[in-house]
């Protein structure tokens, strides 16, 4: 038996919603500032929106901030966001979820005018959340001035 199966238990996806990529895109666009030029690279046809508590559990149990220091070019914020996405996807695979969870890399312009990368999530109730993988915490969507791309 996989250690992930032991950690997650049998009903990890209980209360989850299957969403088409078009539904995911519409929900994200409704919650964060975008325009038609904003790229939403949703490669799969469908995604799994987990209940808020189960989504938080998945993130807490799979995302491990590397014990490396942030550097200006590498590893920087986009690398940490990509690592977190890969860890969540691996956790979902090991938990035998049928679809990838709604957990994406987002590149956005901050209130300061600088670009930043983090992760954006969508839960079963339709709430969109911003996850900062370098700090291991959720942040308010108000940190986003304008979304450049999601994928």
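The values are calculated or read from the model by the stated rules, or taken from the named source; none is laboratory data. What you are looking at is a predicted structure, and each value in this text was computed from that prediction instead of being measured. FYI the Cβ positions are ideal-geometry reconstructions off the backbone, even for glycines, and counts take in every protein chain you see.
I'd like the residue in region 29-47 that is modelled with pLDDT of 95 or more and assigned to a strand (DSSP E or B) and, out of all such residues, is surrounded by the fewest Cβ atoms within 10 Å (Cβ to Cβ). Here the answer is 46. Residue 67 meets all of the listed conditions (1) over 21 Å from residue 30 (Cβ atoms); (2) in contact (Cβ under 8 Å) with a residue 12 or more places away in the chain; (3) not in a helix (DSSP H, G or I) but one, namely (2).
Table: residues versus (1) more than 23 Å from residue 27 (Cβ to Cβ); (2) at pLDDT below 95; (3) touching a helix residue (DSSP H, G or I) at 6+ places or on another chain (Cβ under 7 Å).
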| residue | (1), (2), (3) |
| --- | --- |
| 85 | no, no, no |
| 91 | no, yes, yes |
| 98 | no, yes, no |
| 126 | no, yes, yes |
| 137 | no, yes, no |
| 147 | no, yes, no |
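If you go through region 76-108 and keep only what is surrounded by fewer than 22 Cβ atoms within 10 Å (Cβ to Cβ), in contact with a strand residue (DSSP E or B) (Cβ under 9 Å, 6 or more places away or on another chain) and part of a loop (DSSP other than H, G, I, E, B), you end up with 76, 97, 98, 99, 100. Need pairs with beta-carbon distance below 6 Å; first residue over 17 Å from residue 142 (Cα atoms) and within region 17-39, second modelled with pLDDT of 90 or more and surrounded by fewer than 17 Cβ atoms within 10 Å (Cβ to Cβ); sequence gap 6+ or separate chains. Going by the 6 Å Cβ cut-off, the qualifying pairs are 18/46; 20/46; 21/45; 39/149. Scanning region 109-137 for residues that are part of a strand (DSSP E or B), exposed (fewer than 15 other Cβ atoms within 10 Å of the Cβ) and touching a residue at least 12 places away in the same chain (Cβ under 8 Å) yields 110, 115.
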